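Chemist: Before anything else, here's the structure in question.
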Amino acid sequence: MSTTHHHSLRKRLADLRGPGTAPRPLDARALAALAANPGCRRRALMDAAGVDKGAVAEVLGAPARFGQSRFAFSRGHAFEARVKRDGCAELLRLLGAADPGVPAEVPDLAAPGPEGRAARTRLALAEAPAGSWTLLDHPLLALEVAGSLAYLEPDAVAVAPDGRWTVVEIKSFPILDGGADAQKVGAAARQAAVYVLALDAVEPGRARPDVLLVCPRDFSNLPTAEWVDVRKQLAVTGRQLTRLTRIEDIAATLPEGTTFDLRYAADGSTPTRSRIELSQAVDAVPAAYAPECLSTCELAFHCRDRSRADGCVESLGRGLRGELGTLTTVDAVLSAAHGEAGDPADPAVAALRRAAALRAEALAAPVPGAGVPAQQAGEGAGERAGDAACR
Amino acid sequence: MSLMNTLARAEAVAAGRAVPAATVRHRHLAERPLVLVPLTTAGEAGAPLGAMVGTDRDAPVLLVVPQPLDRELRFGFFAGLAAAVLPLMAAYEDDVEVEPATRNREESEVCADAPQIVVPNSAALEYVRLLGRSTRFLRTVEDPDAPHPVPVPVPLLGRWLTHYGERARTPGSALLVAMTELLTRHWATGQSSMEDQHLGALLGWIDPPPGLDGAVAAERAQTDRAPDGLLLSPPAGPATDPLFDNRVLAPAMARYDAARTDGADAAEVAAAEADVRRLVGSQLRPTWDDVWHGLDLLRALPEGARVADRWKRDRWSFTGHRDRLRAGEPPQPKRDGAVAAAQKLAGRETAQARVSAQEALDDPLTMAVRRLAGEAFAGEVTGVEMTYSEGRRPMPRPLLTVRTPDLPQAEPGTKAYRAVPGAKSAQSAEIVSVAPEVRSDGTPYDGGPAAHLVVVRLTGGMGSGRVPKEGSVPEAGARVDFTLFEHDPRGGPGLPEPEQTPWTHGGPPDAGVPPGTPPPADAPDPVTAEDYL
Ligand code: SF4
């Protein structure tokens with residue numbers, strides 16, 4: 001990619017974000033979420049442009065329910081400090097160092113700006129002496145995603161005496177009696193896989209595909225660790241990230257002058273952009289809403305409103321499309337089920353008709369053994385739009 | 001998600017409110033359940049923030065830990081919870097029924113009823129397990145070497161909560177139930193199953209306030225905030241709203257801490273504590289009311305005919321644990337041994353098969369799901385042909401032809417079971433053939449058949465004579481229901497399962513251990529200066 005090319009994309013992204021607005025850095029969690037919904041161009045573009053989606057959601061009148069509790073935050077920090085104190089002696093032990101008493105090299109990675117820090121990190125990785133441990137505390141790794149650069153900050157990367165790199169993730173959820181919350185471990189694994197991808201971009205194959213997950217043991221503050229094999233997450237995330245449409249291609253489809261600028265007032269914190277205008281800009285980029293967005297994306301309530309207004313079946317669950325074939329809207333599903341539309345030779349239509357007939361029969365039937373009439377199904381139809389917007 | 005459920009959700013969208021997913025109530029509901037709404041401190045695994053608990057919806061007991069990192073205050077919370085839960089357990093322990101001896105078992109007693117615990121959602125149910133785990137190994141004031149002793153009843157609370165938490169893994173059990181699971185079993189909303197995990201939103205769909213559409217009511221519950229920024233319908237826990245933590249709880253706790261360290265003005269400390277109590281209570285109360293609202297809705301449904309059978313198994317489970325406590329067994333191990341784990345798994349598989357069968361038999365809407373899946377069929381008998389088995393004593397083996405709109409997924413020879421009204425057990429049968437209905441000239445109907453003709457051979461339930469018992473063979477024109485799954489996958493009702501048999505009663509068997517040897521006990525969790533225990 002030529003520098004001018006890069007330059008023009010950067011300019012375009014800055015325009016989308018709004019002049020004078022600092023970009024929000026993409027972190028591994030955001031990338032993992034992006035990879036989980038690679039079909040969503042809206043998120044891909046806004047993330048690449050460093051748009052503060054949370055602030056956009058506020059202006060749209062559909063603020064997300066995210067946020068971190070101070071309690072969790074301070075607990076996380078205290079635990080990480082506990083793991084890294086005394087020159088990371090505890091961490092060395094958990095990594096399996098032969099003699100944790102021998103202190104590891106902990107190079108200073110401080111530098112101005114992300115480019116500087118990423119350069120320091122690359123240098124430290126290259127210069128780590130063979131035959132001893134080097135620990136990079138909060139290194140910064142660069143990863144190109146869909147033609148735009150993201151900076152990622154793992155909790156630590158260890159360089160073992162044999163030269164292999166290990167991603168270390170420090171989490172404050174406990175490993176209780178040898179097991180941990182599968183969902184949280186899964187999220188940590190997806191996040192760690194992004195770091196491994198970023199290390200592979202520095203030098204392919206040097207990073208271990210299993211990462212060290214450090215957590216408090218049971219109900220204590222004592223660190224314990226498990227090796228987590230992230231090969232599967234690596235494969236999935238890697239594939240999904242390459243599937244992302246190139247950011248410049250998405251940007252190219254937008255009307256001239258489209259921007260997510262919130263036009264902050266002179267105080268720097270009061271947005272003055274009109275809700276309608278902003279909503280038009282956001283809706284100009286195609287989305288791919290599914291209920292999972294509610295836990296991963298700040299724009300979820302806005303996108304949900306749109307998805308529901310369009311009557312998309314996906315708003316009822318991501319997995320539904322498979323069994324419904326070409327029926328993409330709630331209306332289409334219901335009219336097919338009730339015999340008003342749809343080709344009976346279509347297996348999805350035929351199955352829905354069977355289901356509707358069975359359901360109606362069951363709701364009309366007396367309850368066995370109870371002698372009480374069944375509950376009645378709700379009646380009445382809401383106002384629903386056509387299926388143009390549902391993929 | 002089944003296609004039937006998808007259809008129901010689509011109907012709910014159109015109707016603007018939830019639609020039935022069941023025609024009867026599939027879970028036992030106690031007359032006076034114990035409702036428990038726990039809250040945890042963000043980021044701290046073993047540090048509860050508070051709870052609302054009790055059997056009286058108008059008078060909940062509010063337990064609050066004004067500083068969750070303080071060990072003594074946490075222990076006070078556990079003691080408070082024990083005081084709310086244990087008397088209830090005790091009240092049910094001595095009211096017993098005698099279960100007559102059977103071929104495999106001596107006469108035994110089973111508690112006539114058992115306490116039921118209802119929590120708001122699955123995360124709260126998981127939290128009950130965590131509370132059980134964190135308290136059952138604690139050392140009490142009776143232990144002279146305990147560095148941080150807890151009040152005597154706390155480990156007992158842990159053992160009961162652990163038992164309830166484990167029992168909840170058995171499909172169809174009802175000792176400990178989550179309201180979101182109960183409601184989603186009985187209603188389908190116009191939102192995704194993920195969104196159904198939010199109790200307030202779920203209730204918004206099922207019973208929206210007058211004048212509101214389900215979607216709007218649900219959205220209000222999810223997002224509406226008071227002028228102070230706090231959610232009107234706080235999360236049902238155990239996690240709190242981060243905004244609540246950051247904006248109001250953290251400052252109130254800081255004031256409490258300051259009052260305590262400043263030294264000694266008791267009134268100031270009390271005022272600061274009351275403040276935290278009020279705040280935590282304000283987050284708990286809406287959920288508490290929601291759980292009771294859910295109970296009201298569920299009570300309006302007639303109970304399924306086989307619910308009492310499953311509740312009896314729950315009573316056995318309760319009785320079994322009572323016996324283990326009385327026999328002086330140590331707390332449940334931190335991890336199950338291989339034998340115990342395998343037994344539990346097998347028991348749960350049987351329970352799953354049982355509850356699936358029972359729910360279908362109790363509820364036409366659930367049966368409809370099985371029929372759609374080809375696991376059952378219903379229709380009209382169009383022909384009966386009498387045949388007999390071969391052998392010295394030929395037995396009746398009538399062949400029925402059933403015309404059904406269903407398409408059973410069955411090879412010839414597959415076992416089938418007929419639900420006979422009023423009979424104790426199902427009538428056994430065997431599929432002979434399944435064929436699409438054709439025109440009288442033998443050509444297929446255009447656009448596919450409207451029905452299938454299933455030939456089944458009845459193989460039992462006709463008495464032991466050469467002539468079938470009166471009424472045991474349906475006549476032409478009769479409506480029949482067949483399932484391809486067993487109606488009572490294992491054993492009759494009223495037998496305790498192996499996992500519930502205390503070792504003093506000969507089980508659960510552990511290989512190589514002489515009878516009567518108590519299993520080795522887990523050590524208490526080690527106490528360190530940094531421990532939160
Ligand atoms: S919430 Fe909207 S923008 Fe975010 S990932 Fe989902 S569809 Fe895309």
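Chemist: Name the helices (complete DSSP H segments) of chain A with a Cα length along the long axis of 15 Å or more and a Kyte-Doolittle mean of at least 0.0, or state none.
Modeler: Membrane-span-like by this rule: A:182-202, A:347-364.
Chemist: Summarise the partner chain shielding of B:243-253 as one whole number: the mean count of Cβ atoms from other chains within 10 Å of each residue's Cβ.
Modeler: Counting other chains' Cβ atoms within 10 Å and averaging over B:243-253 gives 3.
Chemist: Testing the spin-label approximation: label points 7 Å from Cα along Cα→Cβ at A:THR272 and B:GLN409. State their distance in nm.
Modeler: Spacing of the two 7 Å Cα→Cβ label points: 6.3 nm.
Chemist: Also: Using the membrane-span-like helix rule (whole DSSP H runs, Cα extent along the own axis of at least 24 Å, mean Kyte-Doolittle hydropathy at least 0.5), which helices of chain B qualify?
Modeler: Those that clear 24 Å and a mean of 0.5 are B:71-93.
Chemist: Now for a different question. For chain A, give me the percentage of DSSP beta bridges that are antiparallel, rounded to the nearest 5 percent.
Modeler: Around 80 percent of the beta bridges assigned by DSSP in chain A are antiparallel ones.
Chemist: Would you mind calculating the gained length between B:ALA523 and B:TYR388 on full extension (0.36 nm times residue separation, minus the Cα-Cα distance), in nm to one decimal? Before the final figure, lay out each step's value.
Modeler: Numbers: separation 135, 0.36 × 135 = 48.60 nm, distance 6.55 nm.
Gain in length upon complete extension: 42.1 nm.
Chemist: On to the next question. In the neighborhood of B:ALA266, defined by Cβ-to-Cβ distances under 12 Å, what is the net charge if each Lys or Arg adds +1 and each Asp or Glu adds -1? Please report the intermediate quantities before stating the final value.
Modeler: Values: positive: B:ARG260; negative: B:ASP262, B:ASP265, B:GLU268, B:GLU273.
Net of charged neighbours comes to -3.
Chemist: Taking 2.2 N^0.38 Å as the expected size of a compact globular protein, what ratio does the Cα radius of gyration of chain B give against it, to two decimals?
Modeler: Compactness ratio reported: 1.17.
Chemist: As a quick test, which of the pairs A:LYS232/B:LYS344; A:LYS53/A:LYS184; B:LYS312/B:LYS424 have an alpha carbon distance above 21 angstrom in this structure?
Modeler: Working: A:LYS232/B:LYS344 30 Å; A:LYS53/A:LYS184 24 Å; B:LYS312/B:LYS424 17 Å.
Check vs 21 Å cut-off fails for A:LYS232/B:LYS344; A:LYS53/A:LYS184.
Chemist: Express in nm, to one decimal, how much length is gained between B:ALA423 and B:THR140 on full extension, taking 0.36 nm for each residue of separation and deducting their alpha carbon distance.
Modeler: Full-extension gain reported as 96.5 nm.
Chemist: In a Gaussian network model over chain A where Cα atoms closer than 10 Å are linked, find which of A:VAL333, A:VAL157, A:VAL145 has the largest mean-square fluctuation.
Modeler: Looking only at A:VAL333, A:VAL157, A:VAL145, the biggest GNM fluctuation is shown by A:VAL333.
Chemist: Can I ask one more? Within straight cross-link reach of B:LYS469, meaning Cα distance under 18 Å, which aspartates and glutamates are found once same-chain residues fewer than 8 apart are removed?
Modeler: B:GLU385
Chemist: Taking the convex hull of the alpha carbon atoms in the protein assembly as shown, what volume per residue do you get, in Å³? Could you put the intermediate results ahead of the total?
Modeler: On the way: hull volume 210.5 nm³, N = 924.
Per-residue hull volume (Cα only) is 228 Å³.
Chemist: Between B:HIS148 and B:ALA90, what is the FRET efficiency for a Förster distance of 35 Å, r being their Cβ-Cβ separation, to the nearest 0.05?
Modeler: 0.85
Chemist: Give the A-B buried accessible area in Å², both sides summed, 1.4 Å probe, nearest 100.
Modeler: Counting protein atoms only, the buried area is about 5600 Å².
Chemist: Same structure, new question: Per residue of A:214-223, what is the mean number of Cβ atoms on other protein chains within 10 angstrom of that residue's Cβ?
Modeler: 5
Chemist: Follow-up. Under the rule of at least 5 residues apart or a separate chain, name every residue whose amide H is placed under 5 Å from the amide H of A:ALA150.
Modeler: A:LEU143, A:GLU144, A:VAL145
Chemist: What is the distance in Å between the Cα centroid of the range A:151-215 and that of the range B:299-363?
Modeler: Distance between centres, Cα-based: 40 Å.
Chemist: Now a separate question. Tally the DSSP beta bridges in chain B and give the antiparallel ones as a percent, rounded to 5.
Modeler: 85
Chemist: May I ask for the equivalent-ellipsoid semi-axes of the range A:70-241, computed as the square root of five times each C-alpha gyration tensor eigenvalue and listed largest first in whole Å?
Modeler: 23, 20, 16
Chemist: A further question on this structure: Return one whole number: the accessible area per residue of chain B in Å², for a 1.4 Å probe.
Modeler: Here the residues of chain B average 42 Å² of exposed surface.
Chemist: Within the range A:156-201, list the trypsin sites (Lys or Arg not before Pro) lying in a DSSP loop whose Cβ has at most 15 other Cβ atoms in a 10 Å radius. Don't skip to the answer; put the middle values down first.
Modeler: Details: sites: A:ARG164, A:LYS171, A:LYS184, A:ARG190; in loops: A:ARG164, A:LYS171.
Qualifying residues, ordered by number: A:ARG164.
Chemist: For B:GLU303, list long-range residues whose amide hydrogen, built 1.01 Å from N in the peptide plane, is under 5 Å from its own amide hydrogen.
Modeler: B:ARG25
Chemist: Another question about this same structure. Could you tell me the relative contact order of chain B? Use alpha-carbon pairs under 8 Å, at least six residues apart, and round to a whole percent.
Modeler: 16
Chemist: Averaging over every viewing direction, what projected area does the convex hull of the Cα atoms of chain A cover, in nm²?
Modeler: The number I arrive at for chain A is 26.4 nm².
Chemist: When the Kirkwood hydrodynamic radius is evaluated over all pairs of different C-alpha atoms of the range A:310-369, what value in angstrom, to one decimal, is obtained?
Modeler: Across the range A:310-369, the inverse of the average 1/r is 12.3 Å.
Chemist: In whole percent, how big is the carbon plus sulfur part of the accessible area of the range A:158-241, probe 1.4 Å, protein atoms only?
Modeler: Here carbon and sulfur together make up 50 percent of the probe-accessible area.
Chemist: If you average the C-alpha positions of the range B:427-485 and of the range A:70-110 separately, how far apart do those two centres end up, in angstrom?
Modeler: Their Cα centres are 72 Å away from one another.
Chemist: Grab the Cα-Cα distance for A:TRP227 and A:SER8, subtract it from 0.36 nm times how many residues apart they are, and report the gain in nm with one decimal.
Modeler: 74.6 nm
Chemist: Enumerate the lysines that A:LYS84 could reach by cross-link, defined here as Cα to Cα under 21 Å, with residues fewer than 8 away along the same chain left out.
Modeler: Partners within reach: A:LYS171.
Chemist: Next up: Please give the peptides B:81-91, A:341-351 ranked by average Cβ packing (other Cβ atoms within 10 Å per residue), highest first, as a rough proxy for protection. Intermediate values should be presented prior to the final figure.
Modeler: Details: B:81-91: 17.5, A:341-351: 15.4.
Sorting B:81-91, A:341-351 by mean packing, highest first, produces B:81-91, A:341-351.
The values are calculated or read from the model by the stated rules, or taken from the named source; none is laboratory data. Not measured: the values here are computed from a predicted model. Here Cβ is always computed from backbone atoms with ideal geometry, including for glycine, and neighbour counts include all displayed protein chains. These accessible areas exclude ligands, DNA and RNA; they are computed on the full protein's heavy atoms, side chains included. Shrake-Rupley method; radii C 1.70, N 1.55, O 1.52, S 1.80 Å.
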